[in-house]
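**Student:** Handing you this structure, nothing more for now.
The values are calculated or read from the model by the stated rules, or taken from the named source; none is laboratory data. Bear in mind that the values here come from a model prediction, so they are computed numbers and not experimental data. Note that each Cβ is placed from the backbone with ideal geometry, even for glycine, and that neighbours are counted across all protein chains shown. Keep in mind that these areas ignore ligands, DNA and RNA; they rest on the heavy atoms of the full protein, side chains included. Shrake-Rupley method; radii C 1.70, N 1.55, O 1.52, S 1.80 Å.
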Amino acid sequence: MKGYSNNFLILLRATALKSDAKLRLAKPIFGNESKFYSDVANVANKMDLTSAAVKSTAPLQDLLGRRHDYLRISLTERCNLRCQYCMPAEGVPLTPKPDLLTKEELYRLVNVFASLGVHKIRLTGGEPTLRSDLAEIIEQLCSVPGIRTVAMTTNGLVLTRRLPAYQRAGLSAINVSLDSLQPEKYERMARRPGLKKVLAGIDLALQLGYRPVKVNTVLMRGFNDDEICDFVEFTRDREVEVRFIEFMPFTGNRWDDSHMVPHEVALRAVRHAYPRLAPTLPRACDTAAVWQVEGYAGSVGFISSMTQPFCSSCNRLRLTADGNLKVCLFGAAEVSLREVLRAGTSDADLETLIRTALRNKKPQHAARRLPRPRPRPRARPHVLAHRLAMPTPLAARAYCTAPPTLSHLDGEGRARMVDVGGKRVTARAAEAECLVRVSARLLRLLRDASLPKGDALTVAQVAGALAAKRTAELIPMCHPLALDYARVRITLPRGECAHGGLVRVTCAAAATARTGVEMEALTGAALAALALYDMCKSVDRHMVITELRVLSKSGGAHDFGGPPAQEPAPAVRAHDTSPIKPNETYAPTDVMHF
């Protein structure tokens, strides 16, 4: 992103203890209550880094298992534009130069990150091309073992003069920020002229072989939302990827979504104007959902960082120009690596501090929930996005990034109910089981039918059958089925079982339908086990429900395990036709008292 979305920075003191590593807020210094810095000069004294806490060979993962192999580095706070959504016309106060990372410090930090598995670097700002030594930095970073990609995000104003030098230094990829294709709009937004230079820089990048050149466009209602189709046309003959980015609605540290255009609105406008628009195969950990018009050289992407955050697959870390590590763009917490470097600490100390900071990364950024959209009348394609501009609700998680070949995903990766209308109706059956580990005392009470709460086994059987019938109400994407039967069996272990044993709960379900009944069988077994737990918890609070699984399914395309086991039929003796003996009395057995 370009620059300065927040006018304040909050930095956390990293205090790592041997037993547990936690981040704690530092006190404000220099009398500035809006800015906090990490008191990490003392971290080395508080951390026992000689312990084998985390080895450098382990992947750089947070507590949610997200692996981080991508580092964004801000090289400078300065910029030669004054974009209205980025900073005020007069600029912002800059950090004194002695407080910024030197080239040598940056090189050392990148070596540490590379040893932790980071293989991609993106250079940002401010505007990174304002660094006179940028070519040297690129060449230096490319020489770090393990770094495979060094990319850059720029406003493109000086690319025609300097891009060849950057390419010779090893620059792998380039993103250009461009919010309008109209000169007057560009100058009004950026408060500087220069559109022709930016377009020439993009064309030069293509001539030098960069594929694709990514163009970042922040969509803003009432400003450039009428240029959506113009940007699509920009991809007709150029192998560029225009990425429409949702406006981050922060104004003076206040939430303001009046200018935000949700990605669904923009996509709807493009699909209306270009019926041949089709999605491309998703890329791992990509932030953009990419589409391409048939026959066009380039493509368009939609980055829905606000309405559909992709936090669940985030692999990015950020290093500010003054040496602070941010584990989340929206997070206030930062940890100063610069102070640790200048305190003379070792690479092992830096590694531990980075891992400690990553432990504090949240599951999702703390953006506010947006109101639901309202339908509006249809309009012309080039103004559709402007008129259909009510934002959509913020998603609780990112959509799946798997290819849209899975039956439960649509073309954009959203979960959906599978259409089974074209399948043939067959006799479907399935059986599932789960085990309940119980104590010896509870087992004796169940065998003797003397449980204080009553007949727990019968209650569990009834609960399982009822749950199987209501599976579609419990599992969102399940089809409601009229079951032919749902039978729950509970089998107690045999023998003495002095130390307790496993109670086996099975559920067999069948239906004549277009889809299988394994979910009904699983639900019946699980709810029967839960009902048994509820009835018996006063006797044994240490019960364990485990190993819920499908034993068999039949009637579909992927059957396994054979038909479910049938209950044995009761033994019936043959009818006695022998004559009555002289001393034998015959009495009918169909009268009431019998």
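**Student:** Run down 437, 541 and say which single residue is outside any loop (DSSP other than H, G, I, E, B), open to solvent by 50 Å² or more (accessible area, probe 1.4 Å) and over 30 Å from residue 418 (Cα atoms). Spell out how you get there, then give the answer.
**Tutor:** Details: 541 fails: outside any loop (DSSP other than H, G, I, E, B).
Going through 437, 541 in turn, the sole match is 437.
**Student:** Any idea which of 163, 219 is out of contact with any Lys or Arg (no Cβ under 8 Å at 6 or more places or on another chain), in contact (Cβ under 8 Å) with a residue 60 or more places away in the chain and surrounded by 20 or more Cβ atoms within 10 Å (Cβ to Cβ)?
**Tutor:** On the way: 163 fails: in contact (Cβ under 8 Å) with a residue 60 or more places away in the chain.
Residue meeting the stated conditions: 219.
**Student:** For the stretch 65-79, enumerate the residues that are of a type outside the set (Val, Ile, Thr), out of contact with any strand residue (DSSP E or B) (no Cβ under 6 Å at 6 or more places or on another chain) and touching a residue at least 12 places away in the same chain (Cβ under 8 Å).
**Tutor:** Residues of the stretch 65-79 of a type outside the set (Val, Ile, Thr): 65-72, 74-75, 77-79.
Retained after the next criterion (residues that are out of contact with any strand residue (DSSP E or B) (no Cβ under 6 Å at 6 or more places or on another chain)): 65-66, 69, 77-79.
Within the stretch 65-79, 66, 69, 77, 78, 79 qualify.
**Student:** Return the pairs, sorted by first residue and then second, in which the second residue is β-branched (Val, Ile, Thr) and part of a helix (DSSP H, G or I), the first residue lies in the stretch 449-466 and is more than 20 Å from residue 521 (Cβ to Cβ) and assigned by the TED database to the domain that holds residue 522, the beta carbons are less than 6 Å apart, and the residues are 6+ apart or on different chains.
**Tutor:** The qualifying pairs do not exist here.
**Student:** So, residue 128, is that one under 22 Å from residue 190 (Cβ atoms) and either of a type outside the set (Phe, Trp, Tyr) or at pLDDT 95 or above (or both) or not?
**Tutor:** Numbers: under 22 Å from residue 190 (Cβ atoms): yes; either of a type outside the set (Phe, Trp, Tyr) or at pLDDT 95 or above (or both): yes.
Against the criterion (under 22 Å from residue 190 (Cβ atoms) and either of a type outside the set (Phe, Trp, Tyr) or at pLDDT 95 or above (or both)), residue 128 qualifies.
**Student:** Also, quick follow-up: Within the stretch 487-501, does at least one residue satisfy the condition of being under 41 Å from the mean Cα position of the chain (by Cα) and in a loop (DSSP other than H, G, I, E, B)?
**Tutor:** no
**Student:** Of the residues that sit in the stretch 236-266 and are surrounded by fewer than 21 Cβ atoms within 10 Å (Cβ to Cβ) and at pLDDT 85 or above, which one is nearest to the chain's Cα centre (by Cα)?
**Tutor:** Per the criteria, the residue is 239.
**Student:** OK, next. Among the numbered conditions (1) crowded, with 19+ Cβ neighbours inside 10 Å; (2) assigned to a loop (DSSP other than H, G, I, E, B); (3) modelled with pLDDT of 50 or more, tell me where residue 64 comes up short.
**Tutor:** Among (1) crowded, with 19+ Cβ neighbours inside 10 Å; (2) assigned to a loop (DSSP other than H, G, I, E, B); (3) modelled with pLDDT of 50 or more, the lone unmet condition for residue 64 is (1).
**Student:** Among (1) surrounded by fewer than 17 Cβ atoms within 10 Å (Cβ to Cβ); (2) within 19 Å of residue 298 (Cβ to Cβ); (3) among the charged types (D, E, K, R), there is one condition residue 191 misses while meeting the rest; what is its number?
**Tutor:** (2)
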